[in-house]
């Protein structure tokens, strides 16, 4: 992929005229100290972070469900013939 940048002089001119201000739309951005970097998260970013934190705390495997299925298999309740399995597969794709 080719990216062609043209008219860079006008871009640099705008940058130099306005300075590296960036987008200061967040609450207290106008009160920032000169030369100090700030970081603001949107409400969507905060919500995303909270959701990721909750998901990270959940186990990868539901041990209770695995144990329930294993108990059924060990008791012989999970036995199925090959024809029953084939019927279920075929009915799910047709």
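Read the figures in this text as sums done on the coordinates, not as results from a lab. Here the structure is a predicted model, which means the values were calculated and not measured.
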**Item:** Rounded Å value of the spacing that divides the Cα centres of the stretch 32-59 and the stretch 68-94
**Value:** 45 Å
**Fill in**
Expressed in angstrom and ordered largest first, the alpha-carbon extents of the stretch 41-94 along the principal axes are 56, 32, 9
